[in-house]
Ligand SMILES: [Zn+2]
């Protein structure tokens with residue numbers, strides 16, 4: 001993994017580097033690789049619990065495909081239901097377009113890239129390079145000779161960094177329509193809402 005939701009800040013920050021990127025695509029893509037972990041525990045116990053979905057070949061194929069389907073069909077109703085974000089805006093943001101597909105792929109790719117230094121084994125180049133031949137640099141640096149100690153410390157470091165970034169994202173957006181900003185990547189300015197809660201575009205006469 002580490003803890004999957006902690007990948008959120010990477011997707012959010014990435015979305016701010018280029019306005020054409022789709023935040024929903026980046027976010028869904030950034031959690032997709034970890035759905036293989038419980039599946040591996042259940043169906044293939046005893047072998048690597050990170051494998052195809054944490055490999056580059058998996059990122060560019062099955063992860064991207066799954067992320068596109070989930071972004072298009074599951075993200076809008078779930079985010080609308082749970083966080084009350086306008087469904088029409090979500091549906092518009094989750095249309096299947098070339099940039100949405102690229103965003104899904106980048107989200108999954110960044111998940112794998114963030115995992116690499118933090119993990120004791122990495123199937124990045126699987127099936128050509130065995131996972132145990134790529135040991136995370138942070139794991140080695142903090143391990144003092146023990147992979148387990150290194151992994152625990154790397155995990156803690158990752159959680160702290162991503163947790164702080166997550167809080168910063170919340171603080172920076174606290175005066176905006178928070179859930180829109182968090183799940184759409186943009187929000188309707190509060191200044192444009194009158195006391196009845198109706199939104200008015202600044203272009204309106
Ligand atoms: Zn992972």
Task: Complete set of residues in the stretch 10-27 that are part of a helix (DSSP H, G or I) and either within 14 Å of the ligand (Cβ to nearest atom) or modelled with pLDDT under 90 (or both) - done: 10, 11
Task: Filter result (free of Cβ contacts under 8 Å to residues at least 40 places away in the same chain and surrounded by 16 or more Cβ atoms within 10 Å (Cβ to Cβ)) within the stretch 38-52 - done: 40, 49
TODO: Considering only the stretch 117-133, state which residues are buried (at least 19 other Cβ atoms within 10 Å of the Cβ) and in a helix (DSSP H, G or I).
DONE: 118, 131
Open item on the list: Can you tell me which residue is nearest to the ligand (Cβ to nearest atom) among those in the stretch 28-56 that are in contact with a helix residue (DSSP H, G or I) (Cβ under 6 Å, 6 or more places away or on another chain) and at pLDDT below 90?
Closed with: 49
Open item on the list: Looking only at the stretch 91-114, how many residues end up being touching a helix residue (DSSP H, G or I) at 6+ places or on another chain (Cβ under 7 Å) and more than 23 Å from residue 33 (Cβ to Cβ)?
Closed with: 1
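Can you confirm whether the stretch 90-105 contains a residue that is modelled with pLDDT of 90 or more, in a loop (DSSP other than H, G, I, E, B), surrounded by 18 or more Cβ atoms within 10 Å (Cβ to Cβ) and within 12 Å of the ligand (Cβ to nearest atom)? Can you show your working first?
At the first step, the residues of the stretch 90-105 found to be modelled with pLDDT of 90 or more are 90-105.
The next check asks that each one be in a loop (DSSP other than H, G, I, E, B); those that pass are 94-97.
With the extra rule that they be surrounded by 18 or more Cβ atoms within 10 Å (Cβ to Cβ), the set shrinks to 94.
Retained after the next criterion (residues that are within 12 Å of the ligand (Cβ to nearest atom)): none.
No, the stretch 90-105 contains no residue that is modelled with pLDDT of 90 or more, in a loop (DSSP other than H, G, I, E, B), surrounded by 18 or more Cβ atoms within 10 Å (Cβ to Cβ) and within 12 Å of the ligand (Cβ to nearest atom).
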Open item on the list: Against the condition out of contact with any strand residue (DSSP E or B) (no Cβ under 8 Å at 6 or more places or on another chain), modelled with pLDDT of 95 or more, away from the ligand (no atom under 16 Å from the Cβ) and assigned to a helix (DSSP H, G or I), how does residue 62 come out, does it pass?
Closed with: no
Task: Unique match (being farther than 21 Å from residue 6 by Cβ, under 16 Å from the mean Cα position of the chain (by Cα), surrounded by 13 or more Cβ atoms within 10 Å (Cβ to Cβ) and at pLDDT 90 or above) among 68, 114, 85 - done: 68
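The values are calculated or read from the model by the stated rules, or taken from the named source; none is laboratory data. Worth saying up front: this structure is predicted, and the values here are computed from it rather than measured. All Cβ positions, even for glycine, are placed from backbone atoms using ideal geometry, and neighbour counts span all protein chains on display.
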